[in-house]
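> Got a structure here, written out as structure tokens. Questions coming.
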Amino acid sequence: MNWKLIFSRDSLHLWIVSFLVVAGGSVFVWGRGQLVPETYGEQGPYRAAALEKLALKPSVLVADSVCLKCHADVGEERAESLHKAVSCNHCHGLGREHVAQAQQAAKTPGLAIDPAKKWDGNFMTHVDLFITQDRATCLVCHESTVGMPEGFKQINVAEHLEDMGPKKSTAETSASSATWDTTRHRDFR
Amino acid sequence: MIQENNDTGGGCGGTCNKSSCGCPSDEMTSRRQFLQRASTVTIGAMSFTILPVAMGDGTESQFPMANGKGAPNEGEQLFGFLVDSDKCIGAGKCLTACRTENDVPEGSHRTWVERYVHFKDGTLQVDTVPETGFAGSDFPIIDPQLVDRSYFVPKLCNQCDDAPCNQVCPVHASFTSPQGVELVDPDRCIGCGYCVQACPYGGRFINPETNNADKCTWCYHRVMRNEKPACVEACPVDARVFGRLDDPNSEISKRIAKIPTDVLKEHLGTHPKTRYAGISGEVK
């Protein structure tokens, strides 16, 4: 190793250049570290922490499997039903409050579970365990509409009322107040 | 090299005192040597700055993309979604479920249902199904006598393998999860809206409450707990099927094997993962 050459006056230029390159590179690496967020790049070109945050969001809609944990008898009853694909929350509301209450009641003996509510317009909290089976219950899905698949049971309201015979009263046919007439309808549960 | 230097040294010859005179000598550097050494030093210094970047943090990544190589979706794709247009009745239950589950503000939608009505005179009408379904709305009733064929098409994020929305995001807030779901990082998104424009399916919107880009995530938070997405849970006729494609016994794998399915706008090369059954070419 020729030390005289390395520390000679002419080599100073090389030393300056290398210093600048190293210093510039260090500033770049440091700055990049400051700007790149934590956990970025651990799993891909994104913040891995975002996956966890998104996955931790609480579920709102109560799955049928949750309902059937307590109400297994209803599940068995409905196993052969035409409407077995229709989920519980369809008619009973969301049930999140109901499940929360049930979980609370399981821990605290003697605590009663709120049985039923009138429709309060809040889809988030509403649990109507004794649904009013009125016209809307059927027609929300079954009212004949252009676009429905051919095999699907469709009800043309005017024709249907005619088929079912003369009206009993005017109240019975008004959309909101007409109640399920068990003598004239099969139980489609 | 030194020998050559001496031979071509010129003026000073062998007479000068090496330590004191300023003449070129065998101790001095030729142009060639200077360039060689300078390039060595420069390349060495450059590799010093590049190395930490290329090495990353040293952890083995699940995706090769983390090291700047390969495509993000080379890994195993887990989730799949099938929309069966032959079954959809347009009740709109999925719309309410999605809005409730994901706090989607009124006026925006993560999923929507379109109705395609082909009239006998050759015209096509496309409507958007209201959340109550057509039956519960004051939408003008179409005379079935005039209709040749008609069907409902539920739409949602197509979760493309080569997602244009991801490519344009300036802050990498839009990304593909290891399960193949396109997600938005709420802490990184700056709400610039590039991805909203980039999506050829209109699947994204800027959420006016959070000012972030928002989109269907196949209910990522639910499916990671083995629950179904809200719209799938709410659908009364199984028109929406969600499941794992890597499991041949899952319902979606069986359905896709049984019926012909299609993707939307295949010519764009976005390779969507949401598959559609029973649609015709007019559906875009």
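> On the basis of being touching a residue at least 60 places away in the same chain (Cβ under 8 Å), over 30 Å from B:C192 (Cβ atoms), in contact with an Asp or Glu (Cβ under 7 Å, 6 or more places away or on another chain) and at the interface with chain A (Cβ under 10 Å from one of its Cβ atoms), does B:K87 make the cut?
Yes, satisfied.
> Does the range B:171-183 contain at least one residue that is hydrophobic (A, V, I, L, M, F, W, C) and loosely packed, with under 15 Cβ neighbours inside 10 Å?
yes
> For the range B:234-263, what are the residues that are over 30 Å from A:V140 (Cβ atoms) and not polar (S, T, N, Q)?
Scanning the range B:234-263 gives B:R244, B:L245, B:D246, B:D247, B:P248, B:A257, B:P260, B:V263.
> Now a separate question. Please identify the pairs in which a residue from the range B:224-241 that is more than 7 Å from chain A (Cβ to nearest Cβ) has its Cβ atom under 6 Å from the Cβ atom of a residue that is in a loop (DSSP other than H, G, I, E, B), counting only partners at least 6 apart or on another chain.
Pairs found: B:P229/B:W218; B:P229/B:C219; B:C231/B:T111; B:A239/B:K87; B:A239/B:C88.
> Looking at (1) out of contact with any strand residue (DSSP E or B) (no Cβ under 9 Å at 6 or more places or on another chain); (2) surrounded by 11 or more Cβ atoms within 10 Å (Cβ to Cβ); (3) part of a helix (DSSP H, G or I), can you tell me which one A:S8 breaks?
Just one mismatch for A:S8, condition (3).
> Continuing with the same structure: When you scan the range A:35-44, do you find a residue that is at the interface with chain B (Cβ under 10 Å from one of its Cβ atoms) and in a helix (DSSP H, G or I), even just one?
no
> Residues of the range B:117-136 being under 28 Å from B:C98 (Cα atoms) and of a type in the set (V, I, T), which ones?
B:V117, B:V126, B:T128, B:V129, B:T132 - these are the residues of the range B:117-136 that are under 28 Å from B:C98 (Cα atoms) and of a type in the set (V, I, T).
> Which condition breaks for A:Q103 when tested against (1) away from chain B (no Cβ under 11 Å); (2) surrounded by fewer than 14 Cβ atoms within 10 Å (Cβ to Cβ); (3) touching an Asp or Glu at 6+ places or on another chain (Cβ under 9 Å)?
So the condition that A:Q103 fails would be (3).
Yes/no per residue for (1) in contact (Cβ under 8 Å) with a residue 24 or more places away in the chain; (2) not polar (S, T, N, Q):
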| residue | (1), (2) |
| --- | --- |
| B:Q125 | no, no |
| B:V129 | yes, yes |
| B:D138 | no, yes |
| B:L156 | yes, yes |
| B:Q167 | yes, no |
| B:L183 | yes, yes |
| B:P186 | yes, yes |
| B:G193 | no, yes |
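> Let me ask another. Since A:S65 meets every condition but one in (1) over 25 Å from B:C98 (Cα atoms); (2) at pLDDT below 90; (3) among the hydroxyl-bearing types (S, T, Y), which condition does it not meet?
Failing condition for A:S65: (1).
> Hey, could you check the range B:164-182 for residues that are facing chain A (nearest Cβ under 7 Å) and more than 8 Å from the chain's Cα centre (by Cα) and say which is farthest from A:P37 (Cα to Cα)?
Result: B:P178.
> Just a yes or no: is a residue in the range A:54-67 more than 7 Å from every other protein chain (Cβ to nearest Cβ), surrounded by 11 or more Cβ atoms within 10 Å (Cβ to Cβ) and among the charged types (D, E, K, R)?
Looking for residues that are more than 7 Å from every other protein chain (Cβ to nearest Cβ), surrounded by 11 or more Cβ atoms within 10 Å (Cβ to Cβ) and among the charged types (D, E, K, R), one finds at least one in the range A:54-67, hence yes.
> Same structure again: Among the numbered criteria (1) modelled with pLDDT under 95; (2) away from chain A (no Cβ under 13 Å); (3) within 21 Å of B:H109 (Cα to Cα), which one does B:D246 miss?
(3)
Yes/no per residue for (1) surrounded by fewer than 22 Cβ atoms within 10 Å (Cβ to Cβ); (2) within 12 Å of another protein chain (Cβ to nearest Cβ); (3) not in a loop (DSSP other than H, G, I, E, B):
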site	(1), (2), (3)
B:P105	yes, no, no
B:S108	yes, no, no
B:H118	yes, yes, yes
B:Q125	yes, yes, yes
B:P130	yes, yes, no
B:G136	yes, yes, no
B:I142	yes, yes, no
B:C157	no, no, no
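> Answer yes if at least one residue in the range B:117-139 is at pLDDT 85 or above, closer than 28 Å to B:S174 by Cβ and of a type in the set (D, E, K, R), and no otherwise.
yes
> Taking the range B:207-258 as the region of interest, how many residues are crowded, with 23+ Cβ neighbours inside 10 Å, within 20 Å of A:H90 (Cβ to Cβ) and out of contact with any strand residue (DSSP E or B) (no Cβ under 8 Å at 6 or more places or on another chain)?
6
The values are calculated or read from the model by the stated rules, or taken from the named source; none is laboratory data. Quick caveat, the model's predicted, so the values are computed rather than measured. Reconstructed Cβ throughout: ideal geometry from the backbone, glycine too, with neighbour counts over all protein chains shown.
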